[in-house]
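Let me begin by presenting the structure, written as structure tokens, before commenting on it.
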Amino acid sequence: MQDQAVSSASLSAMTTLQSLIWPEPGICTERDLYVRLRGPAGLSGAAHELRFVAGGRALFDTWFNLFNIGKWRQHCGLRDLRLALEGEGRFELAVVLAFPHRSWERIYNDVITFDPEVPFTLDLSPLLELEAGQGVLFFELTALEEGRLSGAEWQTAEAPKRTPELMLSITTFKREAAVERTVRRFEDYIATSPLKDHIRLSVVDNGQSVEIAESPHVTVIPNENLGGAGGFSRGLVEARDSGASHCLFKDEEASVHMESLDRSWLFLAYAEDPATAVAGAMIDAGHRWAIWENGALFDSRCMPQHMGTDLRDAWESFEMEFETTGPAPDKLYGGWWYFAFPVAEVRHQPFPFFVRGDDVSFSLVHDFNIVRLNGVVSFQDSFTDKESPLTWYLDLRSHLAHHLSLPKMEIGALRTLKIAVWFFLRNLPRMHYETIQAINLALEDVMKGPAFFDENADMAQRRADIKALTKVEAWQPAPPHLPPAVKKPRNVVVRTLMKPTLNGHLLPFFSRWGGRIVLRAEDRGKVGWSWGAAEITYLSADGRQCYTVRHSKRAFLREAARFTALALAFLRAYPQLLQHYRKGYDDLTGEGYWRAKLAMQSGPEGDEG
């Protein structure tokens, strides 16, 4: 494999598939997620370059900057690949191909000298003829003298298969500062992007409160507040009307590196399957080094994939890439913090869930070829603090509706009811009786059929109802001297003995002798930590807020009796509900339905779907 310097004119014929992503203030500054430096080497954040003296090393075996050769071969049929490096000085360059379950190959290792005027390029195309399978590529530099690296690109001489016209659609409600910051970053990015003629941004303003100056690349669309489902439906219809070939749904508070847009656009441009979609991962902004979710499966419940993957660890990052390279698993869906898809493949608009579950349903009902790309990720505020009776209500409604609406998701009456039972039992040991009230309300509302979702598309009444019942499970200012939060559950003997008693609900006077503990919000989903406690104080992620729940047999008996009655009614009504939801789903996900709901005009050719 020979290296060769090429002229700027020759390079202009190349297409950059992937550039470096650098740490970025306000997004993520965990340097080891992007490049690992050893010895006398440093990063200039302002200049986006690395500077070295002799002996300094830089390793790009990071999730943000490795190149997944397996995904590009399998999904794009790539047959030409180059690595182009820009810099100055003399270095040892190593390019490594890492495979799962076998030794890695150092496929290039030599001393090179950068010409400041001409990028150094390495032809890696022969690798594409090998059975690289699930391999990933990365490079390392070791300085032999003072020098710098100012850029690195994975390039190809192949022409793209299509030119995506991408509409980035953001739905916002009363988050003016967040969306203004996102628009400002987008305008800065698009001003110099080679893709500026092919990417546009629409802001669907459900709160009708955003004051953003429109531009050739940014459009603001005032919209009735029908939640995320209504906002993204509006964005999809607007994308179709404007002639966009692809649409990218993104939350207003989701922060992404703008290189994510480039990587997504280019992968869609080269993908062999026109149904290819890109699902971005998600990282909790409180722990920016750990994956919260890189795609998720839905089967009776949501199952985040690769949660907890430590991106500071090269091997964990590689394992995640290897596992996401093959065919997408059944029932995979992409969250709408970042989901890019082809408009032509859409047969259904979002179901009017308001929020929670619309992204699950949208992925499951379509035959998208969902791909997850390294470095394409959204940073979001902690999900643990957002949990409330309202979110549990919304989650159960959508979980049941998915299985009632979609033929491929049908699992029968008992297994569908088991979902609601699981919701109930998850909250009982934690003494979240208000959440259980909301769960009962969700089960009751689902039995009203799909018409309920249509009639309550704005969720105004139910939001008010659940707000009114939420008195205990609402964040309040934390007192100054709370006991320390527990760091592990009680011993296995206590947990085993407490389970048959439903955490004391079947024991006399448990409220008097049960334990009193403090848990951090990040641990409140760990039901096992609740066993043996008759009072739990939950502390928010920032430690400034809390709420306290206490054992109550009266609340338990009241809500358990109500749940039992609703469960029996659900089993009796199941066959009829199945029929109603199958028909109702088609009706409520038609483009004509949403055009009427949002008071929009017919499409360019009068086709309302």
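The values are calculated or read from the model by the stated rules, or taken from the named source; none is laboratory data. Quantities reported herein were computed from a predicted structural model and do not represent experimental measurements. With ideal geometry, Cβ positions are generated from the backbone for all residues, glycine too; neighbour counts draw on all protein chains shown. For accessibility, only protein heavy atoms count, side chains too; no ligands or nucleic acids. Shrake-Rupley method; radii C 1.70, N 1.55, O 1.52, S 1.80 Å.
Would you check if there is a residue in region 177-195 being under 30 Å from P352 (Cβ atoms) and of a type in the set (D, E)? Yes, region 177-195 contains at least one residue that is under 30 Å from P352 (Cβ atoms) and of a type in the set (D, E). Taken together, R490, R544, R554 contain a single residue that is of a type in the set (K, R) and free of Cβ contacts under 8 Å to residues at least 40 places away in the same chain, which is R554. Being touching a residue at least 40 places away in the same chain (Cβ under 8 Å), open to solvent by less than 20 Å² (accessible area, probe 1.4 Å) and either of a type in the set (A, V, I, L, M) or in contact with a Cys (Cβ under 7 Å, 6 or more places away or on another chain) (or both) is the filter here, so list the residues in region 34-58 that pass it. L50, A58 - these are the residues of region 34-58 that are touching a residue at least 40 places away in the same chain (Cβ under 8 Å), open to solvent by less than 20 Å² (accessible area, probe 1.4 Å) and either of a type in the set (A, V, I, L, M) or in contact with a Cys (Cβ under 7 Å, 6 or more places away or on another chain) (or both). A Cβ distance below 6 Å, combined with a sequence gap of six or more or placement on separate chains, defines the contacts here; from region 85-103, residues that are basic (K, R) reach residues that are open to solvent by 10 Å² or more (accessible area, probe 1.4 Å) in the pairs R90/T113; R90/L144; R90/E145. Any residue that is in contact with a strand residue (DSSP E or B) (Cβ under 6 Å, 6 or more places away or on another chain), among the aromatic types (F, W, Y) and in contact (Cβ under 8 Å) with a residue 40 or more places away in the chain - is there at least one of those in region 138-153? Yes, region 138-153 has at least one match.
Checked against (1) among the hydrophobic types (A, V, I, L, M, F, W, C); (2) under 27 Å from the mean Cα position of the chain (by Cα); (3) part of a helix (DSSP H, G or I), V493 passes all but a single condition, namely (2).
All told, R430 falls short of being open to solvent by 60 Å² or more (accessible area, probe 1.4 Å), under 20 Å from G525 (Cα atoms) and touching a residue at least 40 places away in the same chain (Cβ under 8 Å).
Please enumerate the residues belonging to region 205-256 that are without any contact (Cβ under 8 Å) to a residue 24 or more places away in the chain, in contact with an Asp or Glu (Cβ under 9 Å, 6 or more places away or on another chain) and at negative phi.
Once the filter is applied, which keeps residues that are without any contact (Cβ under 8 Å) to a residue 24 or more places away in the chain, in contact with an Asp or Glu (Cβ under 9 Å, 6 or more places away or on another chain) and at negative phi, region 205-256 yields T219, V220, I221, P222.
Would you mind finding the one in G590, G514, G528, G609 that is within 26 Å of A442 (Cβ to Cβ) and modelled with pLDDT under 95? It is G528. If you go through region 161-181 and pick out every residue that is out of contact with any Asp or Glu (no Cβ under 6 Å at 6 or more places or on another chain), surrounded by 13 or more Cβ atoms within 10 Å (Cβ to Cβ) and farther than 23 Å from L268 by Cα, you end up with 5. Listed here are the helices (runs of 4 or more DSSP H) enclosed by region 507-609 that have at least 1 residues being under 30 Å from S361 (Cα atoms): 553-588, 591-597. Only a single criterion out of (1) within 22 Å of W22 (Cα to Cα); (2) more than 31 Å from the chain's Cα centre (by Cα) is not satisfied by W63, namely (2). Just one of A269, A277 is more than 26 Å from A178 (Cβ to Cβ) and aliphatic (A, V, I, L, M); which is it? Only one candidate qualifies: A269.
Any residue in region 239-252 that is basic (K, R) and farther than 20 Å from Q74 by Cβ? For region 239-252, residues basic (K, R) and farther than 20 Å from Q74 by Cβ: present. Between R397, R415, which is open to solvent by 30 Å² or more (accessible area, probe 1.4 Å), within 18 Å of A569 (Cβ to Cβ) and modelled with pLDDT of 95 or more? Answer to the check: R415.
A98 meets the conditions (1) among the hydrophobic types (A, V, I, L, M, F, W, C); (2) open to solvent by less than 40 Å² (accessible area, probe 1.4 Å); (3) at pLDDT 95 or above; (4) more than 13 Å from W154 (Cα to Cα) in every case but one. The failed one is (3).
Does W63 qualify as being outside any strand (DSSP E or B), within 26 Å of A13 (Cβ to Cβ) and either at pLDDT 95 or above or out of contact with any helix residue (DSSP H, G or I) (no Cβ under 9 Å at 6 or more places or on another chain) (or both)? The answer is no for W63. Evaluate the following for A239: is it crowded, with 16+ Cβ neighbours inside 10 Å, assigned to a helix (DSSP H, G or I) and aliphatic (A, V, I, L, M)? When the stated conditions are applied, A239 passes them. In region 300-318, what residues are open to solvent by 50 Å² or more (accessible area, probe 1.4 Å) and either of a type in the set (S, T, N, Q) or over 30 Å from P407 (Cβ atoms) (or both)? Within region 300-318, R312, D313, W315, E316 meet the criteria.
Against the conditions (1) in contact with a Gly (Cβ under 8 Å, 6 or more places away or on another chain); (2) open to solvent by less than 50 Å² (accessible area, probe 1.4 Å), A541 satisfies every one except (2). Contact map, region 258-271: residues that are closer than 15 Å to L168 by Cα paired with residues that are open to solvent by less than 10 Å² (accessible area, probe 1.4 Å) and in a helix (DSSP H, G or I), Cβ distance under 9 Å, separation 6+ or inter-chain. Pairs shown: M258/F186; M258/I190; L261/F186; L261/I190.
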